[in-house]
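Below: the structure, in structure tokens.
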Amino acid sequence: MKRIHFQKYSKNRKLSIYTVRFAENTENETDSFLKKYWQAGFKEDILIIKNWIRNLEDRGAKEHYFRHERRANAGPAHFSKLRIYCIRCHDNLIILDGGGEKRGQTAQDGQETNAAMELMNAVDEAFVEKIKDRDIIYSFDGMDLFGELFVDIS
Amino acid sequence: MTRLDSITDDKSIGRFVDKSFDISDRIFEILTRKGLSQRQFADILGKNESEVSKWLSGTHNFTIKTITHLEVILEEVIMAVISDNLDNISFEYIDKNPTAELVDCENCLDNLNVPYLKTERVNKFVEYSLSESL
């Protein structure tokens, strides 16, 4: 069983971003992903992701901006050799994970993209259960999460 | 501060991504206004729905040929370029948008120092420039 915590990453007028962190780690998965690939030389791809996220913050996380991979969502759909995974709760809140280098058309073609996609699918399933049980609740405007901000996944 | 904040941005990449989102949002707005689903639009074009979905993702590198084709099919301006010959490119679209609101001049004029107009303001800008020249 792994415990995964949700922590606030950023908040703008149109979008709140949470990230995920494994209980045993000090760094969240998003920063870990960005650091790893920046150091590996994927600078332009990281800059594209930075600007992709900035546009989500400016415009809201509209459904058509994402590539849907079962329960998880991914982006940027094009331009970048990297793909980052998330749970899109609604237009104004996403939970961001890490990701990996695209190795083919689907997440399954790459070990890291597949791991990120599977993680986000499992996290989403557990997250929805917590929402149903009201262990996690949204703020009135939907842009903040309160309660038990973690899930346990096998 | 997040690691994302600590990464120094690149203006060219920033503008490239912004423009791609602008184009996608413009197409999405036209489809919504016309009541066309992605599937219906794909059928009109004889394409797969996944192709339309790609165009609307905000991260598609459009060719001029594709944009022009979509403009013809949708009968709307998606993207325009500032030109000395602006009047000539505008009339066709003015006729189709007789009720376009007159201008937020300041916003339009702000865009004159770049070689590319923000897409959603094109009709307003064109109408403004014509009204000024009459």
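Rule-based calculations on the coordinates, nothing more; no lab input. These numbers come from a predicted model, not from an experiment. FYI the Cβ positions are ideal-geometry reconstructions off the backbone, even for glycines, and counts take in every protein chain you see.
Here are some notes:
- The test for being facing chain B (nearest Cβ under 10 Å), of a type in the set (Ser, Thr, Tyr) and not in a helix (DSSP H, G or I) does not hold for A:Ser32.
- Screening the candidates B:Thr66, B:Thr59, B:Thr32 for the property of being over 12 Å from the mean Cα position of the chain (by Cα), over 22 Å from A:His78 (Cα atoms) and either within 14 Å of chain A (Cβ to nearest Cβ) or not hydrophobic (A, V, I, L, M, F, W, C) (or both) yields one hit, B:Thr32.
- In the set (1) under 11 Å from the mean Cα position of the chain (by Cα); (2) among the β-branched types (Val, Ile, Thr); (3) in a loop (DSSP other than H, G, I, E, B), A:Thr19 fails one condition alone, (3).
- Restricting region A:74-109 to residues that are of a type in the set (Lys, Arg) and either part of a loop (DSSP other than H, G, I, E, B) or touching a Lys or Arg at 6+ places or on another chain (Cβ under 6 Å) (or both), the residue that is farthest from the other protein chains (Cβ to nearest Cβ): A:Arg103
- Selection status of A:Arg54, within 16 Å of A:Tyr9 (Cβ to Cβ), charged (D, E, K, R), free of Cβ contacts under 8 Å to residues at least 40 places away in the same chain and not in a helix (DSSP H, G or I): no
- Applying a threshold of 7 Å to beta carbon distances and a minimum spacing of six or more residues, or different chains, the list of pairs starting in region B:1-19 at a residue that is within 7 Å of another protein chain (Cβ to nearest Cβ) and ending at one that is charged (D, E, K, R) reads B:Thr2/A:Asp31; B:Arg3/A:Asp31; B:Arg3/A:Lys35; B:Leu4/A:Lys50; B:Ile7/A:Lys50; B:Asp9/A:Lys50; B:Ile13/A:Glu44.
- A:Glu118 satisfies every condition listed in (1) outside any strand (DSSP E or B); (2) over 28 Å from B:Ile27 (Cα atoms); (3) more than 13 Å from the chain's Cα centre (by Cα); (4) free of Cβ contacts under 8 Å to residues at least 12 places away in the same chain except (3).
- Residues satisfying the stated conditions in region B:56-79, i.e. in a loop (DSSP other than H, G, I, E, B) and either in contact (Cβ under 8 Å) with a residue 24 or more places away in the chain or surrounded by 17 or more Cβ atoms within 10 Å (Cβ to Cβ) (or both): B:Leu56, B:Ser57, B:Gly58, B:Thr59, B:His60, B:Asn61, B:Phe62, B:Glu76, B:Val77, B:Ile78, B:Met79
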